[in-house]
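Below is one structure, written out as structure tokens; the observations come after it.
The values are calculated or read from the model by the stated rules, or taken from the named source; none is laboratory data. In this text, all values refer to a predicted model and were calculated from it rather than measured experimentally. No Cβ is skipped: glycine too gets one built from the backbone with ideal geometry, and neighbour counts run over all protein chains shown.
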Amino acid sequence: MLENLLKGKRGLVVRIANEHAIAAGCAMAFHAAGAELAVTYANEKSKPFVAPVVAKLDAPIFLPLDVESDGEMEAVFKAVENGWGKLGFLLHSIAFCPKEDLNGPVSQCSRAGFAQAMDVSVHALIRMARLAVPLMKDGGSILTMSYYGADKVVDNYNIMGPVKSALEGTVRYLAAELGPQQIRVNAISPGPLLTRAGSGIDHFGELLEAARKRAPEHGLVSIEDVGNMAGGLVSELSAKVTGNTSYVDGGYHVLA
């Protein structure tokens with residue numbers, strides 16, 4: 001990534017789970033490009049796993065954010081407003097589904113499990129966008145993370161496929177709504193990565209190996225690869241890019 005590409009920009013990263021998380025790779029890329037960051041973590045239990053990453057980022061704002069807890073999201077954005085007055089970009093990198101629903105057939109997904117998956121993985125983006133827009137006084141960029149299973153059926157991805165489809169649809173509608181305010185909204189669709197979130201999927205090791213063999217580059221992507229794409233999408237290099245889903249998967253998605 002070009003040095004100082006994001007110099008003078010301030011961004012909010014929601015949220016980092018540990019040093020191996022996609023959000024960590026993005027945050028490190030943002031930081032290397034000169035951005036100042038605010039970072040969130042899920043809860044006190046997860047904080048020790050995030051703190052070493054934040055130390056490298058020198059982030060002045062480091063707060064908990066459980067998107068299912070009333071008031072926490074508002075508190076984070078208020079801290080951003082009080083500390084900076086405005087915001088340049090936002091990364092929503094969270095998804096969740098109860099394990100019993102994630103690892104079962106779509107036809108057996110519970111009503112409560114589906115609602116929770118949609119709330120955390122999709123509606124949280126909508127709520128964040130609502131709070132971010134008043135702070136993006138000079139325009140801005142909103143990013144989220146999707147997956148190939150949004151477009152094609154992937155074995156064992158189950159209910160998260162429809163959930164990610166909804167996320168990508170939401171990106172397109174937000175892009176159309178916020179474009180007049182010069183706020184761009186995009187999704188990144190990484191190939192399978194060995195993260196804590198991915199490891200919750202049944203037979204995830206087989207999914208990784210299949211991706212490695214199938215992708216034209218015959219390799220897996222890294223969180224650094226995803227971070228480089230994220231840095232470009234929140235920079236002025238992508239000033240006219242909005243409503244897109246950008247694949248970072250070694251070409252996996254182009255094969256029939």
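Any idea which of A115, A33, A79, A75 is among the aliphatic types (A, V, I, L, M), under 23 Å from I183 (Cα atoms) and surrounded by fewer than 16 Cβ atoms within 10 Å (Cβ to Cβ)?
None of the others qualify; the one that does is A75.
Is at least one residue of the range 33-42 in a loop (DSSP other than H, G, I, E, B) and closer than 30 Å to V153 by Cβ?
Filtering the range 33-42 down to residues in a loop (DSSP other than H, G, I, E, B) leaves 33-35, 42.
Okay, now just the ones that are also closer than 30 Å to V153 by Cβ, so 42.
Scanning the range 33-42, I find at least one residue that is in a loop (DSSP other than H, G, I, E, B) and closer than 30 Å to V153 by Cβ, so the answer is yes.
Pull up the range 43-73, narrow it to residues that are assigned to a loop (DSSP other than H, G, I, E, B) and among the hydrophobic types (A, V, I, L, M, F, W, C), then point me to the one that is nearest to L12 (Cα to Cα).
Our first condition is that a residue be assigned to a loop (DSSP other than H, G, I, E, B); within the range 43-73, this holds for 43-46, 58-60, 65-71.
Checking which are among the hydrophobic types (A, V, I, L, M, F, W, C) leaves us with 59, 65, 67.
Values: A59: 10, L65: 12, V67: 14 Å.
Filtering the range 43-73 for residues that are assigned to a loop (DSSP other than H, G, I, E, B) and among the hydrophobic types (A, V, I, L, M, F, W, C), the one nearest to L12 (Cα to Cα) comes out as A59.
Would you point out which residue out of G179, G149, G161 is touching a helix residue (DSSP H, G or I) at 6+ places or on another chain (Cβ under 7 Å) and in contact (Cβ under 8 Å) with a residue 24 or more places away in the chain?
G161
Please verify whether the range 144-151 includes one or more residues that are surrounded by fewer than 19 Cβ atoms within 10 Å (Cβ to Cβ) and at negative phi.
The answer is yes; a qualifying residue exists.
Quick check on this structure: which one of L87, L63 is surrounded by 11 or more Cβ atoms within 10 Å (Cβ to Cβ) and out of contact with any Lys or Arg (no Cβ under 9 Å at 6 or more places or on another chain)?
Of L87, L63, the one residue that is surrounded by 11 or more Cβ atoms within 10 Å (Cβ to Cβ) and out of contact with any Lys or Arg (no Cβ under 9 Å at 6 or more places or on another chain) is L63.
With the condition kept exactly as written, say whether any residue in the range 79-86 is aromatic (F, W, Y), farther than 14 Å from T40 by Cα and over 16 Å from the mean Cα position of the chain (by Cα).
The first filter runs over the range 79-86 and keeps only residues aromatic (F, W, Y), leaving 84.
With the extra rule that they be farther than 14 Å from T40 by Cα, the set shrinks to 84.
If we keep only those that are over 16 Å from the mean Cα position of the chain (by Cα) as well, we get 84.
Looking for residues that are aromatic (F, W, Y), farther than 14 Å from T40 by Cα and over 16 Å from the mean Cα position of the chain (by Cα), one finds at least one in the range 79-86, hence yes.
This table checks each residue for (1) closer than 26 Å to V248 by Cα; (2) at pLDDT 95 or above; (3) more than 14 Å from the chain's Cα centre (by Cα).
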{"position": "T40", "(1), (2), (3)": "yes, yes, no"}
{"position": "P48", "(1), (2), (3)": "no, yes, yes"}
{"position": "F62", "(1), (2), (3)": "no, yes, yes"}
{"position": "A75", "(1), (2), (3)": "no, yes, yes"}
{"position": "G88", "(1), (2), (3)": "yes, yes, yes"}
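For every residue, the table says whether it meets (1) within 22 Å of N228 (Cβ to Cβ); (2) not aliphatic (A, V, I, L, M).
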| residue | (1), (2) |
| --- | --- |
| M128 | no, no |
| I142 | yes, no |
| P162 | no, yes |
| R172 | no, yes |
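Can you name the residue in the range 178-201 that is modelled with pLDDT of 65 or more and in contact with a Phe, Trp or Tyr (Cβ under 6 Å, 6 or more places away or on another chain) and, of all such residues, is farthest from G231 (Cα to Cα)?
G191
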